[in-house]
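Single-structure report; data block below.
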Amino acid sequence: MAFATYHYLLAVLSTLILYNLYSRYRFNSRYKLPPALPGALPLIGNTHQIPPLNQGLWGQRMARQHGELFTASIGGSTWVFLNSSRVVNDLMEKRSAIYSSRAPAPFASGLLSNDCRMLLMPYGERWRLLRRILHSVLNKQMMPTFAPFQDVESRHLLWDFLDNPQQWHLGTQRFANSVIMSVVFGKRMKLEDPDVRELFDTSNELILALQPGANLVDSLPVLAKILPKPLQWWRKRGERLHDKTVGVYKKQVQDLERRMAEGKARDCFAVRFLKDPSTKDYGATQTYFALGSHGAAATDKRWVVTAREALDRVCGSAGSSATDMRLPNFDDRPELEYITATVKEAFRWRPFAEIGLPTMLIQDDEYEGYKFPKGTLFTWNAMAIALDEREYEQAERFWPERFMNGDLNNVMKGHWSFGPGRRACSGYNVGETNVWIAVARLIYCFDFDEVPGKPIDTLSTNWGEHRWAPIAVKITPRSVAHAELVRRECKGAVDADSRKARQPVTRGKAPTFTEDARHACHTKYWLAALFASAAAAIFAFPIVSFLAFYFYTIPNSLKDSRRRKLPPGPRGLPFLGNYLDLAKADTFRFQVQEWSKQYGEVWYTKIGGGDWIWLSSPRAVKELMDKRSSIYSSRPPTPLAGDTASAGRRQLFMAYGPAYRVVRKIAHSLLNINVTTSYQPIQDLESKQLMYDLIHSPENFYDHNRRYSSSVILTATYGHRMPDWDAPIIKSIYKVINNLQTFATPGGWLVDTFPELAVLPSWMLGNWREFGKKCFEHDSPIYLGLWRKMKQEVDEGRCNPCFARDFYLSEPEKQGLDELQAAYQTGGLVEAGSETTSAYLNSFILRMLENPDVAKKAQEEIDRVIGHERLPEWEDEKDLPYLRAIIKELLRMRPPNKIGIQHATTEDDWFDGYFIPKGSVVVLDWWTINNSPLLWTDPQKFQPERFLKNHPLPAAAYINAADPNDRDHFSYGAGRRVCPGVHLAEKSLYLNISRVLWGFNLSKKVGPDGKVIEPEAGMVPGWMTIPLPFECEITVRGDGKRKIMERVWEEARRGLKADGDIPDGQGYGNNLKNRG
């Protein structure tokens, strides 16, 4: 066991070093980045050059030396610093759709935040949902809701400054927190409330964790994947901080829930959040973070002396009596423009995030001669921009007059303190109004002076410090009248408890931020260096053992000379081969296409301990997967996906053999062309509901399509339809699909890439066995429950005609199939048919938004053939060639998964002089074939016309074409593993696409600001090509068509039960009744 651990650690250490060198070589050959900072060191890059404090001055210095853009290596990440408003606007604003994600952060986001902190979430559906909720509360129209709280808390702030000016920093903290806590949790805060200190402490922990290079694992996220948990030195500290943070937020949520239960809770954001049905699926931790992280928000504490003439003119001058004076309020804003300019200048002059907060690019991009790879981090160099004389006249001068222009009241314009693009601070309206009312009242009532002998250096001050005052300042009332005004106007705003005698602040030497930050930033690197040195001595003998083990177990040309004739391919890393490339599932297809251009139609990669043969031409696919299908139809071993998570029962992962042939025959009996015709009444019914749903809630089109595809396959398989997307069984099915996405992604789990490692303890490889068992324990009861319910209905004589009924009556146990296999066989059809069809329906809508000319041409064809008085029907398909071509182009441009379909060989073989070993993974490289310029003109363009002349028939007619170049596309696979659901899928796509185009116009959505919202074009993480949710404007093409679609659905639903299901024992439609 000790040797195995040594071997594993050695492999990790070697891999990190080699991967770093290899990545740099490959990176430099493909991409061009802005000038790089000199002095980068192996592994840590430029991290050691970035100071833990005053990073803005460092960023300003670097920007002056290197221009508008420069590159820094922070650990294992590439950062591009944007040093002018021009490039920030060009990239992070105008291209925000691809510049708005976050980098993986196993410590700061994973452990410290349990992946629940919105600030660190990757750009996706979950982040957008939280963002919408926040915008609904923090938008400009909601500012009147905050105004009463800001009024009372700013009065309290004045009292604190008058009553205890030495602790002014606690007063500003209390003010900022109490405003947001009142709105979020419906409770106020006191001056030295321990809750305030706890909230600031948790924020400070996060700030430290986000410092560049503060945590080695956040700089090299691969460590979290390849190191077993016992060796993850950062885990204990992260879990401790996470528990502390959750405890702070949980305390606030539970206090609110107690007040809600007692009927004492005031209306506030958290009350609405907890009652909102859209948040019912949040776990407790997500709720605590969603609410609590905003309770820790703070305001700016840099008070400035501005022109008091306007304040005195509006509210009364210092020479007046207290009775003739009043506090400024929000109604005075039109007359206090200089205060607004002062606040705006404060945000510009000293931005809080001095070097910004990096966002991650989610696809390759080019800009002004540079080529950026996906995964690059971009940050706006806020301080450098703010102090750049090319951006602002007299940039280092605090000069509010610069904002006395037409953009004065545009909070976001003129500075970058709230951030750029889609990651801009959602609370900017609240932040600006908080500062405005506080600044106006403080400047009106108090004088602020330096303390003799303690000059204030605004550039080097740590404004984020909350434990003690960051600067020494003398605060006095402007006059006796002003002091009397504060006592008169502000005493009522202060709770009695908060006016009690306060304990003195603890004295003594304060630990410096620099010491804390240096410890956080650099300790791990010294540990890593010590670990590397010790490893060199400790592993001297195990190195020999490991190499002997490797060459004994892994095929190589020393043992088998035939392997010298393997197809050509890219060189990989020792031990890992090209595994790290494969692990990037979302972009690997682009790398594959480049390799196919370089190495030809049959080429080779080493993935872990396995041989992968890539077939990148129709000829190679035909010769091997079709003509030699008897030895090219198996699957590679997958200890996690196939054995543990599926108990060997999922057809998708079964090796080719007697058991597979049995289940394959069963699948064909359900999905052959003759039987799928009997499902047409089901598809017609579900399609009519889909049209009705699109009329009445078009904004939910994404889920309507998912409901349609799930209900069709559930009805065909089990005899029960799902009329509502919120049906529990649909949610359960999609949870199964999410599990499948997680454990089936090629390269996602080390054990499925190195099956030999399955003999090692599970904890050494990410606890894969425990995860697989957890998935199986979730999935199997769902499928067994559906199977057993169907059996009961059959036995009671009330089962609707369906495949599962016929399968059960055929006595599967006589074919050697146990109950679990039977349940997985029927359930597997549901998981296969639910997401794929809906993914293509949603991809169709996305393509029409991108290609409105195609939609218009298709509508012209449909109107010409169908007219306006009825829906398209089955018999119309042959007369709609352009529509059929759209379906083919959809499938060509976006195959079902991101890698390619994988078979495995059961015997050694030779092809074109190349040796293909037994057990090789043979990949149908459909992304390369479907996008080959040798086969398609302008393959990246959505052009249905390419199919009109040579491919007028459905896809199934070309799957077995004698000439492989006659195939329309390869997205249904090849050989004995070709998709059995091709007929059902094509019928669903035809019926719904034709009816959507007949009844609706599709266009890009326009936002409230009048700007067109570009749809999200990315895909859900994982191995399947599921489009990310996006926005779309769907409108009915006239009242006549609206009435027809509503009428046909009303007629169709009359044959259903009250709950929308099919009547027991009857089926739906004459074809199904006759079949039953």
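Under the condition of being among the hydrophobic types (A, V, I, L, M, F, W, C) and part of a helix (DSSP H, G or I), which residue from the range 924-973 is surrounded by the fewest Cβ atoms within 10 Å (Cβ to Cβ)?
The qualifying residue surrounded by the fewest Cβ atoms within 10 Å (Cβ to Cβ) is Ala957.
Which number in (1) buried (at least 19 other Cβ atoms within 10 Å of the Cβ); (2) modelled with pLDDT of 90 or more; (3) out of contact with any Leu (no Cβ under 9 Å at 6 or more places or on another chain) marks the one condition that Pro1027 misses?
Among (1) buried (at least 19 other Cβ atoms within 10 Å of the Cβ); (2) modelled with pLDDT of 90 or more; (3) out of contact with any Leu (no Cβ under 9 Å at 6 or more places or on another chain), the lone unmet condition for Pro1027 is (3).
I'm trying to understand the selection: among the residues of the range 335-368, which are out of contact with any helix residue (DSSP H, G or I) (no Cβ under 7 Å at 6 or more places or on another chain) and farther than 16 Å from Val411 by Cβ?
Residues satisfying the conditions are Arg350, Leu357, Pro358, Met360, Leu361, Ile362, Gln363, Asp364, Asp365, Glu366, Glu368.
The rows are residues; the columns are (1) touching a Leu at 6+ places or on another chain (Cβ under 9 Å); (2) within 27 Å of Met1019 (Cβ to Cβ); (3) in the same structural domain as Pro980 (by TED's automatic domain parsing).
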| site | (1), (2), (3) |
| --- | --- |
| Ser669 | no, no, yes |
| Gln683 | yes, yes, yes |
| Asn700 | yes, yes, yes |
| Asp703 | no, yes, yes |
| Tyr708 | yes, yes, yes |
| Leu714 | yes, yes, yes |
| Val751 | yes, yes, yes |
| Asp779 | yes, yes, yes |
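From the residues in the range 73-124 that are aromatic (Phe, Trp, Tyr) and either modelled with pLDDT under 90 or under 16 Å from Trp416 (Cβ atoms) (or both), which one is surrounded by the fewest Cβ atoms within 10 Å (Cβ to Cβ)?
Out of the qualifying residues, it is Tyr123.
Here is a check on your reading of the model: is Leu615 closer than 26 Å to Ala985 by Cα and not assigned by TED's automatic domain parsing to the domain that holds Lys374? Talk me through it step by step, then tell me what you get.
Working: closer than 26 Å to Ala985 by Cα: yes; not assigned by TED's automatic domain parsing to the domain that holds Lys374: yes.
So Leu615 passes the test.
Looking only at the range 54-67, how many residues end up being crowded, with 21+ Cβ neighbours inside 10 Å and in contact with a Phe, Trp or Tyr (Cβ under 9 Å, 6 or more places away or on another chain)?
So the answer is 3.
With the condition kept exactly as written, say whether any residue in the range 746-765 is free of Cβ contacts under 8 Å to residues at least 60 places away in the same chain and either of a type in the set (Phe, Trp, Tyr) or within 28 Å of Ile1062 (Cβ to Cβ) (or both).
no
Identify, by number, the condition in (1) surrounded by fewer than 17 Cβ atoms within 10 Å (Cβ to Cβ); (2) more than 18 Å from Glu68 (Cα to Cα) that Arg390 doesn't meet.
With respect to (1) surrounded by fewer than 17 Cβ atoms within 10 Å (Cβ to Cβ); (2) more than 18 Å from Glu68 (Cα to Cα), Arg390 is out only on (2).
Among the residues of the range 899-918, count how many are surrounded by fewer than 16 Cβ atoms within 10 Å (Cβ to Cβ) and of a type in the set (Gly, Ala, Ser).
Number satisfying all stated conditions: 1.
So Ala147 fits all but one of (1) buried (at least 17 other Cβ atoms within 10 Å of the Cβ); (2) touching a helix residue (DSSP H, G or I) at 6+ places or on another chain (Cβ under 9 Å); what number is the exception?
Answer for Ala147: the failing condition is (1).
Please specify each residue of the range 602-642 satisfying the condition of being surrounded by fewer than 21 Cβ atoms within 10 Å (Cβ to Cβ) and acidic (Asp, Glu).
Passing the criteria: Glu623, Asp626.
Mind listing whichever residues of the range 636-656 are on the phi < 0 side of the Ramachandran plot and either in a loop (DSSP other than H, G, I, E, B) or of a type in the set (Val, Ile, Thr) (or both)? Walk me through how you get there before you give the answer.
Step one: of the range 636-656, the residues on the phi < 0 side of the Ramachandran plot are 636-646, 649-656.
Once the filter is applied, which keeps residues that are on the phi < 0 side of the Ramachandran plot and either in a loop (DSSP other than H, G, I, E, B) or of a type in the set (Val, Ile, Thr) (or both), the range 636-656 yields Pro636, Pro637, Thr638, Thr644, Ala645, Ser646, Arg649, Arg650, Met654, Ala655, Tyr656.
Could you tell me which residue of the range 412-436 is nearest to Ser178 (Cα to Cα), considering only residues that are of a type outside the set (A, V, I, L, M, F, W, C) and not in a helix (DSSP H, G or I)?
Across the range 412-436, the extreme among qualifying residues is Gly427.
Go through the residues of the range 1029-1041 one by one and say whether even a single one is without any contact (Cβ under 8 Å) to a residue 12 or more places away in the chain and part of a helix (DSSP H, G or I).
The first filter runs over the range 1029-1041 and keeps only residues without any contact (Cβ under 8 Å) to a residue 12 or more places away in the chain, leaving 1039.
Subsequent filtering for residues that are part of a helix (DSSP H, G or I) retains 1039.
Yes, the range 1029-1041 contains at least one residue that is without any contact (Cβ under 8 Å) to a residue 12 or more places away in the chain and part of a helix (DSSP H, G or I).
Conditions tested, residue by residue: (1) polar (S, T, N, Q); (2) farther than 16 Å from Val1048 by Cα; (3) in contact with a His (Cβ under 8 Å, 6 or more places away or on another chain); (4) surrounded by 19 or more Cβ atoms within 10 Å (Cβ to Cβ).
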position	(1), (2), (3), (4)
Gly648	no, yes, no, no
Ala659	no, yes, no, no
Ile666	no, yes, no, yes
Asn672	yes, yes, yes, no
Ile682	no, no, no, yes
Lys688	no, no, no, yes
Met691	no, no, no, yes
Leu694	no, no, yes, yes
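Looking at this structure, is Gln821 assigned to a helix (DSSP H, G or I), in the same structural domain as Ala716 (by TED's automatic domain parsing) and more than 24 Å from Gly648 (Cα to Cα)? Walk me through how you get there before you give the answer.
Values: assigned to a helix (DSSP H, G or I): yes; in the same structural domain as Ala716 (by TED's automatic domain parsing): yes; more than 24 Å from Gly648 (Cα to Cα): no.
Judged against the criteria, Gln821 is not a match.
Select from the range 708-728 the residues that are in contact (Cβ under 8 Å) with a residue 24 or more places away in the chain, part of a helix (DSSP H, G or I) and out of contact with any Cys (no Cβ under 8 Å at 6 or more places or on another chain) and list them in ascending order.
Tyr708, Ser709, Ser710, Ser711, Val712, Ile713, Leu714, listed by residue number.
Conditions (1) surrounded by 22 or more Cβ atoms within 10 Å (Cβ to Cβ); (2) of a type outside the set (Lys, Arg); (3) in a loop (DSSP other than H, G, I, E, B), marked per residue:
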position: Ile339; (1), (2), (3): yes, yes, no
position: Glu345; (1), (2), (3): yes, yes, no
position: Arg348; (1), (2), (3): yes, no, no
position: Ala353; (1), (2), (3): no, yes, yes
position: Gly375; (1), (2), (3): no, yes, yes
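If I ask for residues that are touching a helix residue (DSSP H, G or I) at 6+ places or on another chain (Cβ under 9 Å) and charged (D, E, K, R), which ones from the range 385-406 would you list?
Asp388, Glu391, Glu393, Glu396, Arg397, Glu401, Arg402, listed by residue number.
Is it the case, given these coordinates, that Arg26 is in a helix (DSSP H, G or I), modelled with pLDDT of 80 or more and surrounded by fewer than 18 Cβ atoms within 10 Å (Cβ to Cβ)?
No, not satisfied.
If the Cβ limit is 6 Å and pairs must be 6+ apart or interchain, which residue in the range 581-609 that is of a type in the set (A, V, I, L, M, F, W, C) and modelled with pLDDT of 90 or more pairs with which residue that is buried (at least 19 other Cβ atoms within 10 Å of the Cβ) and outside any helix (DSSP H, G or I)?
Hits for this filter: Val602/Pro567; Trp603/Pro567; Trp603/Gly569; Trp603/Trp614.
In this structure, does Lys413 turn out to be without any contact (Cβ under 8 Å) to a residue 24 or more places away in the chain and out of contact with any Gly (no Cβ under 7 Å at 6 or more places or on another chain)?
Yes, satisfied.
Inside the range 579-613, can you point out the residues that are in a loop (DSSP other than H, G, I, E, B) and of a type outside the set (S, T, N, Q)? Give the steps one after another, and end with the answer.
Initially, the range 579-613 is screened for residues in a loop (DSSP other than H, G, I, E, B), giving 583-587, 600-601, 608-609.
If the condition is that a residue be in a loop (DSSP other than H, G, I, E, B) and of a type outside the set (S, T, N, Q), then Ala583, Lys584, Ala585, Asp586, Gly600, Glu601, Gly608, Gly609 are the ones that fit.
Would you mind finding the one in Asn700, Asn705 that is out of contact with any strand residue (DSSP E or B) (no Cβ under 9 Å at 6 or more places or on another chain), at pLDDT 90 or above and either surrounded by 23 or more Cβ atoms within 10 Å (Cβ to Cβ) or not in a helix (DSSP H, G or I) (or both)?
Every option except Asn705 fails the conditions.
In the set Thr506, Thr514, Thr458, which member is modelled with pLDDT under 55, among the β-branched types (Val, Ile, Thr) and part of a loop (DSSP other than H, G, I, E, B)? It would help to see each step written out before you state the result.
Working: Thr514 fails: part of a loop (DSSP other than H, G, I, E, B); Thr458 fails: modelled with pLDDT under 55.
Checking each option against the conditions leaves just Thr506.
The values are calculated or read from the model by the stated rules, or taken from the named source; none is laboratory data. Worth saying up front: this structure is predicted, and the values here are computed from it rather than measured. We place every Cβ from the backbone using ideal geometry, glycine too, and count neighbours over all the protein chains shown.
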